[in-house]
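Student: Structure in structure tokens, see below.
The values are calculated or read from the model by the stated rules, or taken from the named source; none is laboratory data. All figures in this text were calculated on a predicted structure; none of them were measured in a lab. Backbone-built Cβ (ideal geometry, glycine too); neighbour counts: all protein chains shown.
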Amino acid sequence: MLIRHPLWLSVAGVIAAAFAASSAVGSDWLRFRGPNGTGISPDTKATPVTWSSTENLKWKVVLPGAGVSSPIVVGDRVFVTCYSGYGMSRESPGNQKDLKRHLVCVDRTTGSILWQKSFDPHLPEDQFSGAGVPEHGYASHTPVSDGERIYAFFGKSGVHAFDLDGKELWRAAVGTGSDPRRWGSSSSPIVFEKTLIVAAGPERNSIVGLDTATGKEIWKADAESLGNVWGTPVAVKVDETRTDIVIGAPYEIWAINPVNGKLKWYCDAMESDQFNSSVVADGQTIYAIEGRGGGSIAVKAGGTDNVTKSHVVWSGRDSSRFGTPLVHEGRLYYFGNGVANCVNAETGQKVFQGRLQGARSSEGGDARSDDNAGGRPGRGFGGRGGFGGSDYSSPVLADGKIYYVSRNGNMHVLQAGATFEQLAVNRVTDAGEDFSATPAISNGDLFVRSNKHLYCVGVK
């Protein structure tokens, strides 16, 4: 195992210059939850079942700051965002003037930091206090890539575009407002063709379309309720001439036209004045499970205006809080409160429910049980906030196995299927790190980030 530190950057700069820019390949994981947000790796290479701080851990690298954004993989490089300088603990948050955001590029093979960019914040930021911001901090948006550029969204501090070697190409402001609860923002950007789509709900009550080459605003879709949206959209192909961009919103599911931002259709959904999770699509069916008050839905894409009566397949009372569900082979998997759940994707009927088992500590003691999976072993981002330390990660799948990371560092491996079968639960550290990000998977390797490190797990 290799352990790297950001101070290694001076050497990394020389190495980075030797690499040509990578282009997108089949095993790239370019956005939050990989290919179109499905959480499913297309690779056939075997992924590990068991690992620890000594087994099947290829490397770990010290990050320059905390964050709950997920890593992405572009060719031979891994990208992740962080923040530092302010809001590292609730007891002593510090001065907002010291806040920095970071975009870090890591060699996927060695764990070496190739380059790192830091940004000053737009001030004032949302205070590191209350129920929301201390739960996730100031680097909550997963970056996205089109294989040529990296786009990092930092809320009030805007969108920053770089080439794969770290050259800044442009930056764009998309609003400096706050959500009604001042919980901060977390929606991740996506790329559709030549448009970068940014859900700037808290910042602007808008979804914004930017030109990927220049950062110029192409369109924006305004709605007051977007201020209560924290999820990430997906692209759903309706036919050869039409693709809808779908996102969950308070009380409804929306689809917009990626060319002009106009609303295509909407349907009634969960009875909640906020939407914390992301939708997921399987073919032309969109699924959502929301935790604030509970609720689940399956709806067919397409149509115009209100499609509640014509396109809703089923609705239920499933609840998963923040995590996005996973759809695979006709089954919908979701996790919450230390429990794995599976429903029939066609009907919404329960298939199974199973309690996740806790791990043994890598130091020999018992790890924290997932009966209270969200409780964190340490201060994390400074306290439990108002949610009792809820889990934020979403499940992902590769090689027929489902991977789910609890906030306390328990990393669960389940066999995908019609029965509950937990294969293993693993830990890479007992140092009290906060694991709130969703793993990236590429070519058999899992890339998992905490508030302190980025880890690469794979069969050695």
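Student: Suppose we filter the stretch 86-123 for residues that are assigned to a loop (DSSP other than H, G, I, E, B) and either touching a helix residue (DSSP H, G or I) at 6+ places or on another chain (Cβ under 6 Å) or not hydrophobic (A, V, I, L, M, F, W, C) (or both); how many remain? Walk me through how you get there before you give the answer.
Tutor: The initial filter retains those residues of the stretch 86-123 that are assigned to a loop (DSSP other than H, G, I, E, B), namely 86-95, 99, 108-112, 120-123.
Then drop every residue that is not either touching a helix residue (DSSP H, G or I) at 6+ places or on another chain (Cβ under 6 Å) or not hydrophobic (A, V, I, L, M, F, W, C) (or both), which leaves 86-87, 89-95, 108-112, 120-123.
Matching residues across the stretch 86-123 total 18.
Student: Please specify each residue of the stretch 139-168 satisfying the condition of being touching a residue at least 40 places away in the same chain (Cβ under 8 Å), over 24 Å from GLY34 (Cβ atoms) and not acidic (Asp, Glu). Can you show your working first?
Tutor: Step one: filter the stretch 139-168 for residues touching a residue at least 40 places away in the same chain (Cβ under 8 Å), giving 139-157, 159-166, 168.
Keeping just the survivors that are over 24 Å from GLY34 (Cβ atoms) gives 156-157, 168.
Residues satisfying the conditions are LYS156, SER157.
Student: Filter the stretch 135-160 down to residues that are of a type in the set (S, T, N, Q) and in contact with a Leu (Cβ under 6 Å, 6 or more places away or on another chain), then give me how many there are. Spell out the reasoning first.
Tutor: Just the residues of the stretch 135-160 that are of a type in the set (S, T, N, Q), to begin with: 140, 142, 145, 157.
Then keep just the ones that are in contact with a Leu (Cβ under 6 Å, 6 or more places away or on another chain); that gives 145.
Residues flagged as of a type in the set (S, T, N, Q) and in contact with a Leu (Cβ under 6 Å, 6 or more places away or on another chain) within the stretch 135-160 amount to 1.
Student: May I ask you to list the residues in the stretch 425-436 that are in a strand (DSSP E or B) and among the basic types (Lys, Arg)?
Tutor: Our first condition is that a residue be in a strand (DSSP E or B); within the stretch 425-436, this holds for 425-426.
Within the stretch 425-436, no residue meets the criteria.
Student: Of all residues in the stretch 196-235, how many are in contact with a Pro (Cβ under 6 Å, 6 or more places away or on another chain) and over 14 Å from PHE153 (Cα atoms)? I'd like the intermediate steps shown before the answer.
Tutor: So the first thing to find is which residues in the stretch 196-235 are in contact with a Pro (Cβ under 6 Å, 6 or more places away or on another chain), and the list is 196, 198, 225, 227-228.
When the remaining residues are screened for being over 14 Å from PHE153 (Cα atoms), the result is 225, 227-228.
So the answer is 3.
Student: Let me ask something additional. Out of (1) over 21 Å from VAL259 (Cβ atoms); (2) assigned to a loop (DSSP other than H, G, I, E, B); (3) modelled with pLDDT of 95 or more; (4) in contact with a Gly (Cβ under 7 Å, 6 or more places away or on another chain), the odd one out for GLY166 is which?
Tutor: Only one criterion is unmet by GLY166, namely (4).
Yes or no, residue by residue, for (1) among the charged types (D, E, K, R); (2) modelled with pLDDT under 60; (3) more than 26 Å from THR285 (Cα to Cα):
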{"residue": "SER315", "(1), (2), (3)": "no, no, no"}
{"residue": "ASP318", "(1), (2), (3)": "yes, no, no"}
{"residue": "ARG321", "(1), (2), (3)": "yes, no, no"}
{"residue": "THR324", "(1), (2), (3)": "no, no, no"}
{"residue": "GLU329", "(1), (2), (3)": "yes, no, no"}
{"residue": "GLN357", "(1), (2), (3)": "no, no, yes"}
{"residue": "ALA373", "(1), (2), (3)": "no, yes, yes"}
{"residue": "GLY385", "(1), (2), (3)": "no, yes, yes"}
{"residue": "SER393", "(1), (2), (3)": "no, no, no"}
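Yes or no, residue by residue, for (1) of a type in the set (Ser, Thr, Tyr); (2) surrounded by 22 or more Cβ atoms within 10 Å (Cβ to Cβ); (3) in contact with a Phe, Trp or Tyr (Cβ under 8 Å, 6 or more places away or on another chain):
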| site | (1), (2), (3) |
| --- | --- |
| GLU55 | no, no, no |
| GLY75 | no, no, no |
| THR81 | yes, yes, yes |
| CYS105 | no, yes, yes |
| THR109 | yes, no, no |
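Student: Ok, one more. In the set SER310, SER278, which member is crowded, with 23+ Cβ neighbours inside 10 Å and among the hydroxyl-bearing types (Ser, Thr, Tyr)?
Tutor: Residue meeting the stated conditions: SER278.
Student: How about the stretch 1-51: which of its residues are buried (at least 16 other Cβ atoms within 10 Å of the Cβ), at pLDDT 50 or above and either among the polar types (S, T, N, Q) or not in a loop (DSSP other than H, G, I, E, B) (or both)?
Tutor: Those that are buried (at least 16 other Cβ atoms within 10 Å of the Cβ), at pLDDT 50 or above and either among the polar types (S, T, N, Q) or not in a loop (DSSP other than H, G, I, E, B) (or both): SER27, TRP29, ASN36, GLY37, THR38, ILE40, SER41, THR47.
Student: Here is a further query. Check whether at least one residue in the stretch 128-138 is part of a loop (DSSP other than H, G, I, E, B), over 20 Å from THR438 (Cβ atoms) and not small (Gly, Ala, Ser), and report yes or no. Steps first, answer last, please.
Tutor: In the first step, residues of the stretch 128-138 are kept if they are part of a loop (DSSP other than H, G, I, E, B); the result is 128-132, 137-138.
When the remaining residues are screened for being over 20 Å from THR438 (Cβ atoms), the result is 128-131.
Retained after the next criterion (residues that are not small (Gly, Ala, Ser)): 128.
Looking for residues that are part of a loop (DSSP other than H, G, I, E, B), over 20 Å from THR438 (Cβ atoms) and not small (Gly, Ala, Ser), one finds at least one in the stretch 128-138, hence yes.
Student: Can you list the strands (runs of 3 or more DSSP E) found entirely within the stretch 292-358 that contain at least 3 residues being under 15 Å from LEU414 (Cα atoms)? Explain how you work it out, then say what you get.
Tutor: Values: elements: 296-300, 312-316, 326-328, 331-336, 339-344, 350-355.
Output list reads 326-328, 331-336, 339-344, 350-355.
Table: residues versus (1) part of a loop (DSSP other than H, G, I, E, B); (2) of a type in the set (Lys, Arg); (3) touching a His at 6+ places or on another chain (Cβ under 6 Å); (4) farther than 16 Å from LEU356 by Cβ.
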position	(1), (2), (3), (4)
SER390	yes, no, no, no
SER394	yes, no, no, no
ASN408	yes, no, no, no
PHE420	yes, no, no, no
LEU423	no, no, no, no
THR438	yes, no, no, yes
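Student: For the list (1) within 22 Å of HIS141 (Cα to Cα); (2) out of contact with any Cys (no Cβ under 8 Å at 6 or more places or on another chain); (3) buried (at least 17 other Cβ atoms within 10 Å of the Cβ), I need the number of the one condition that ILE253 fails.
Tutor: With (1) within 22 Å of HIS141 (Cα to Cα); (2) out of contact with any Cys (no Cβ under 8 Å at 6 or more places or on another chain); (3) buried (at least 17 other Cβ atoms within 10 Å of the Cβ) applied to ILE253, the lone miss is (2).
Student: Would you please list the contacts, defined by Cβ atoms under 7 Å and residues six or more apart or on different chains, that run from a residue in the stretch 208-223 that is more than 17 Å from ILE256 (Cα to Cα) and touching a residue at least 60 places away in the same chain (Cβ under 8 Å) to a residue that is basic (Lys, Arg) and part of a strand (DSSP E or B)?
Tutor: Taking only residues 6 or more apart or on different chains, the pairs are THR212/ARG149.
Student: Shifting gears a bit: Under 7 Å between Cβ atoms, at least 6 apart or on separate chains: pull out the pairs that start in the stretch 243-266 with a residue that is outside any strand (DSSP E or B) and end on any residue that is at pLDDT below 95 and hydroxyl-bearing (Ser, Thr, Tyr).
Tutor: Sorted first by the residue in the stretch 243-266, then by its partner, the pairs are PRO250/SER225; PRO250/SER272; TYR251/SER272.
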